[in-house]
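Structure, as structure tokens:
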Amino acid sequence: MDALLATIPSPDRGVWYLGPLPIRAYALCIIAGIVTAIWWGERRWVARGGIKGEVTDIAVWAVPFGLVGGRLYHVITDYQKYFGPGKNPLEALEIWNGGLGIWGAIALGAVGAWIACRRRGIPLPAMADALAPGILVAQAIGRLGNYFNQELYGGDTTLPWGLEIYRRVTPDGREDALAGVAIDHTPIQVVHPTFLYEMLWSLGVALLIVWADRKFRLGHGRVFALYVAGYTAGRFWIELMRTDEATLIFGTRVNVFVSAIVFIGAVAYFIIAKSRGEREDVAALRGTGGDPVAETAEAAEAEAVEDTGVAGDSEDDAAEKDKKNSPESVKPE
């Protein structure tokens, strides 16, 4: 009983209605996280020599790509929730009910950011370094959505920070953990709040990489690599604690393997990128890898200027030669 009194209560619902319009806590947390990442990323980018407003321009591409990638990863790795006997494949499109895989979000989001950086002539590694801490904070805020959805928790516990799980029901009496409301606040389980563990871990890694960036002036994508390595190190052990349904490989959750593989790749990149030297000068690198059309236009303009100069020199030489050969220029012997 003492442990129960010290536990963390869950919200009684994750959805509120403004007339017929559903207001979902999960969606609000995702939006708040995105806004925070853009705001902080913009400040860090300008401090590194970037131009104000460029992070927002990158986000216009990266965010939609990231949302699609996150959902695709979730649907692929948890396909049993949407496909098979008695399942509705259309539910795979219901992103508002939760289900975004960070691996897919970062991977496809990076593709969107790469496209945007190419269009603006911005070096992607430098932009990634500026965005890394904000992305971690965005992930932490997004985990609050799992709290409201009453999902992503671990096994039973008697620890004082255990999370109370309530039975939620819809108005017609159907049990629904996402859309239902908890009328009886007697917990049916007290579990490890693994979403909270991941939230706190992400905030801690964000502080770590900001400190490391300031102390060692990391560049060339090394801040981003440190973010990936730090996050996956925590996700590895947190994933082992979770009890929600997931795809298994050799009896182990698939995300445990993904965390280990991505961690190794991030550490390898962090070490290799050190050979590139000190932090890059964003202003000096501007235009490398930029818009091919703009680069072609600049090359054509330079060529035209060069041709004009050559032609001018030829005309001057011809005029000088005519002057020397003119009758006035010939002296009598």
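Restricting to segment 70-83, and then to whatever is touching a residue at least 40 places away in the same chain (Cβ under 8 Å) and assigned to a helix (DSSP H, G or I), can you tell me which residue is most open to solvent (accessible area, probe 1.4 Å)? Checking each candidate, the answer is Tyr79. Criterion first (in a helix (DSSP H, G or I), modelled with pLDDT of 95 or more and open to solvent by 50 Å² or more (accessible area, probe 1.4 Å)) does Thr56 satisfy it? The answer is yes for Thr56.
Which count do you get for residues in segment 158-173 that are in a loop (DSSP other than H, G, I, E, B) and open to solvent by 20 Å² or more (accessible area, probe 1.4 Å)? Write out each step before concluding.
Step one: of segment 158-173, the residues in a loop (DSSP other than H, G, I, E, B) are 158-162, 166-168, 170-173.
Checking which are open to solvent by 20 Å² or more (accessible area, probe 1.4 Å) leaves us with 158-161, 167, 171-173.
Selection size over segment 158-173: 8.
Between Leu131, Leu144, which is open to solvent by 10 Å² or more (accessible area, probe 1.4 Å), farther than 23 Å from Gly53 by Cβ and in contact (Cβ under 8 Å) with a residue 24 or more places away in the chain? Going through Leu131, Leu144 in turn, the sole match is Leu144. Among the residues making up segment 183-229, those that are over 16 Å from Ala47 (Cβ atoms), open to solvent by less than 90 Å² (accessible area, probe 1.4 Å) and not in a helix (DSSP H, G or I) are Thr186, Pro187, Gln189, Val190, Val191, His192, Pro193, His220, Gly221.
Of Ile38, Ile51, Ile58, all but one fail to be within 16 Å of Ala116 (Cβ to Cβ) and more than 18 Å from the chain's Cα centre (by Cα); the exception is Ile51.
Answer with yes or no whether Leu67 is under 19 Å from the mean Cα position of the chain (by Cα), within 18 Å of Ala140 (Cβ to Cβ) and open to solvent by 70 Å² or more (accessible area, probe 1.4 Å). Give the derivation first.
Values: under 19 Å from the mean Cα position of the chain (by Cα): yes; within 18 Å of Ala140 (Cβ to Cβ): yes; open to solvent by 70 Å² or more (accessible area, probe 1.4 Å): no.
No, not satisfied.
Being of a type outside the set (Lys, Arg), in contact with a Phe, Trp or Tyr (Cβ under 7 Å, 6 or more places away or on another chain) and buried (at least 19 other Cβ atoms within 10 Å of the Cβ) is a condition met by no residue of segment 42-52. The set of residues in segment 209-260 being within 21 Å of Met127 (Cα to Cα) and of a type in the set (Lys, Arg) consists of Arg214, Lys215, Arg217, Arg222.
Of the residues examined, Gly86 is one that is on the phi > 0 side of the Ramachandran plot and open to solvent by 60 Å² or more (accessible area, probe 1.4 Å).
Figure legend. Inter-residue proximity from segment 206-227: first residues closer than 12 Å to Ala128 by Cα, second residues of a type in the set (A, V, I, L, M, F, W, C) and at pLDDT below 95, beta-carbon distance below 7 Å, spacing 6+ or different chains. No pairs are indicated.
The values are calculated or read from the model by the stated rules, or taken from the named source; none is laboratory data. The model shown is predicted, which means the values in this text are computed figures rather than measured ones. Neighbour counts run over all protein chains shown; Cβ positions are idealised from the backbone, glycine included. Remember, those area values only see protein heavy atoms, side chains included, never the ligands or the DNA or RNA. Shrake-Rupley method; radii C 1.70, N 1.55, O 1.52, S 1.80 Å.
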